[in-house]
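Read-outs: derived from the displayed coordinates by stated rules, not from any lab. These figures come from a predicted structure and were not determined experimentally. We place every Cβ from the backbone using ideal geometry, glycine too, and count neighbours over all the protein chains shown.
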Amino acid sequence: MTSIRTGMALAAGLGTRMQPLTLTRPKALVEVGDRPLLDHVLDRFAMSGIKRAVVNVHHFADQMRAHLAARKGAPEIAISDESDAVLETGGGLVKARGLLGKTPVVVSNIDAIWTESGVPQLDRLIAAFDSEQMDALLLLAPAGNTLGYGGAGDFFLDADGRVRRRGEAATAPFVYSGTQILNPRILDAYREERFSLNRIWNDLLVRGRVSGQVMEAFWMHVGDPDARDAAERKLG
């Protein structure tokens, strides 16, 4: 298995769609199944051998720092402070570049969870990463095996494991699950500014450096209060 010991939880979003639950707390601390969304990610990291996690903070940053300081056990936490400005997913990664190191990292959104069975999904993803063939490996959910997702799908998966965007097609069979492995060296080509991770993916897709792996789990996007309640019922 590829050895990956660093992860990043993208936790600096405003959580606007999650209101009113985010009027007094960050989205990352909204609970699902008696655990904050952020802890679902960090506990998943720890279960797959990730020793160190970078967490970016912005909305209710003081609450985030206090929560992270109170956590016990793995992973060790480093904070990337975005209190001055929201940088979105791409800009947040660039700002955290100095904390990520030189080897591949697992990057996860905090609003996606899934039900585990058998080999953990992160273990499977880590084992499949090949730095000679890819700079990004996306964990993909089959569009029909999801909760809280109402879109038309994000990607097609070719026989060689590379992904293609849905483009002009009416639908695509796979949804990005919010988790990937990324080679941090690719971030050196970008400036610290507000932009989406999609810009990085687009550049890598042109070069054939984005691959995908289909998850063997039921995936839930916890993007609003209704989805949060549905995820609670599913986990319950």
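Details
- The residue list Gly212, Gly208, Gly236 contains one member that is out of contact with any strand residue (DSSP E or B) (no Cβ under 9 Å at 6 or more places or on another chain), touching a residue at least 12 places away in the same chain (Cβ under 8 Å) and of a type outside the set (D, E, K, R), which is Gly236.
- The number of residues in segment 18-49 being basic (Lys, Arg), more than 17 Å from Ala61 (Cα to Cα) and either free of Cβ contacts under 8 Å to residues at least 12 places away in the same chain or in contact with an Asp or Glu (Cβ under 7 Å, 6 or more places away or on another chain) (or both) comes to 1.
- Residue match in segment 175-188 (condition: under 25 Å from Ser80 (Cα atoms) and more than 19 Å from the chain's Cα centre (by Cα)): yes
- Residues considered: Gly167, Gly161, Gly148. Of these, the only one that is out of contact with any Gly (no Cβ under 8 Å at 6 or more places or on another chain) and not aliphatic (A, V, I, L, M) is Gly167.
- Residue that is surrounded by 15 or more Cβ atoms within 10 Å (Cβ to Cβ), in a strand (DSSP E or B), in contact with a Pro (Cβ under 8 Å, 6 or more places away or on another chain) and in contact (Cβ under 8 Å) with a residue 24 or more places away in the chain, where the choices are Ala9, Ala53: Ala53
- Restricting segment 12-33 to residues that are in a loop (DSSP other than H, G, I, E, B) and in contact with a Leu (Cβ under 9 Å, 6 or more places away or on another chain), the residue that is surrounded by the most Cβ atoms within 10 Å (Cβ to Cβ) is Ala12.
- For segment 176-205, filtered to residues that are of a type outside the set (Asp, Glu) and assigned to a loop (DSSP other than H, G, I, E, B), the residue that is farthest from Gly92 (Cα to Cα) is Asn183.
- Any hit, segment 86-106, residues being assigned to a strand (DSSP E or B) and in contact with a helix residue (DSSP H, G or I) (Cβ under 8 Å, 6 or more places away or on another chain): yes
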